[in-house]
Structures are given as C-alpha cells and as structure tokens.
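See structure below.
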Amino acid sequence: MSGTVKQMRLEDGMVVSQVKTSEGLIDVAADFVIDCTGLEADIAEHRVLADLLEHSGVGRNPLGRLDVERTFELRGAASGTGVIYASGATTLGGYFPGVDTFLGLQIAAQEIADDLARRGFCGRIGPLRSTRQWLRWVSGREP
C-alpha cells in the first residue's frame, strides 16, 4: 500500500480510508487507524505527522517532536469525543523522558489504556481482570 488518498467518517463512527495499492484503489473501513511506520529524523518528513502539524492544532514540544499530555494524548488534536495518542520517539522531549525506551513504551501503553478506561471506552486493565479474562480464554469462553 502506498498512501491514503481519502478518508471519510461513516455514521456509526467508523473511518473509511481509500488506499492506493498496486491493484488499484480499495476502501478500508476501520474503527481505529494506527500508524506504526517508524519515524524520520524530522517529524515533518513523516506523511501522517506532517499532515497533523499542518492541518490541526497539534504542536511541537521543546525537542521538536509531538507535544503530548500526561496521558500521551496529542495536544490540540481532540475533536469532540475523538482523541489521538502518540508515544515513542515521536514524543521524545515531552512529559515522560524515557518514552523512546522499551520500558517507556510499555508505560506509555498503560497510560493510554488507563485514559481510554477513564473515558469509558473499555475496562481498566489490572491483575484481577487479566486473570479473569485469561481463565475465560483457557476455558474456551468468549472473553
């Protein structure tokens, strides 16, 4: 797949992206879009991040990377109930100094999951819930 040509939002909240492939254009409907393509030296060189910087209220932190809240939500990107989260090297220099390390990525993921739970999107992750879900999985029941 080369790049997103067009995106639109359906009434049920899903995002439909029209993607150009070697076989032509295809429509991809999704509840979430997660970009894991890596980072160029300057975030403005990355297609998605450059678009965010140019067309939204997203700004840069003191090191020139994406500016995030304590929950790793991008400052200036919220739209209604929709939010964008970022972690890793794209947010280096922000709230959490070790965000580009292996442990830092785990902590960022937990903070993001906790924020999603606070917003009512999912249940909070914890040892009891994880054990219960694992037991359901082991017994072949729907988690």
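The values are calculated or read from the model by the stated rules, or taken from the named source; none is laboratory data. Predicted, not measured: the structure shown is a model, and the values here were computed from it. Glycine gets a Cβ as well: all are built from the backbone with ideal geometry, and neighbour counts include every protein chain shown. Note: areas computed on protein heavy atoms with side chains; ligands, DNA, RNA excluded. Shrake-Rupley method; radii C 1.70, N 1.55, O 1.52, S 1.80 Å.
Remarks
- Residue that is among the aliphatic types (A, V, I, L, M), more than 26 Å from GLN18 (Cβ to Cβ), over 14 Å from the mean Cα position of the chain (by Cα) and part of a loop (DSSP other than H, G, I, E, B), where the choices are LEU128, LEU63, LEU135, LEU103: LEU63
- Of the residues in the range 34-51, not one is open to solvent by 50 Å² or more (accessible area, probe 1.4 Å) and at pLDDT 90 or above.
- Single residue of the range 96-143 satisfying the filter (of a type in the set (Phe, Trp, Tyr) and open to solvent by 80 Å² or more (accessible area, probe 1.4 Å)) that is nearest to GLY82 (Cα to Cα): PHE121
- Put simply, of ALA50, ALA113 the only residue that is under 25 Å from VAL19 (Cβ atoms), part of a helix (DSSP H, G or I) and without any contact (Cβ under 8 Å) to a residue 24 or more places away in the chain is ALA50.
- Single residue of the range 11-33 satisfying the filter (among the charged types (D, E, K, R) and at pLDDT 75 or above) that is surrounded by the fewest Cβ atoms within 10 Å (Cβ to Cβ): GLU23
- ALA89 open to solvent by less than 60 Å² (accessible area, probe 1.4 Å), outside any loop (DSSP other than H, G, I, E, B) and not charged (D, E, K, R): yes
- Any chance PHE96 is closer than 24 Å to MET14 by Cβ, in a loop (DSSP other than H, G, I, E, B) and not β-branched (Val, Ile, Thr): no
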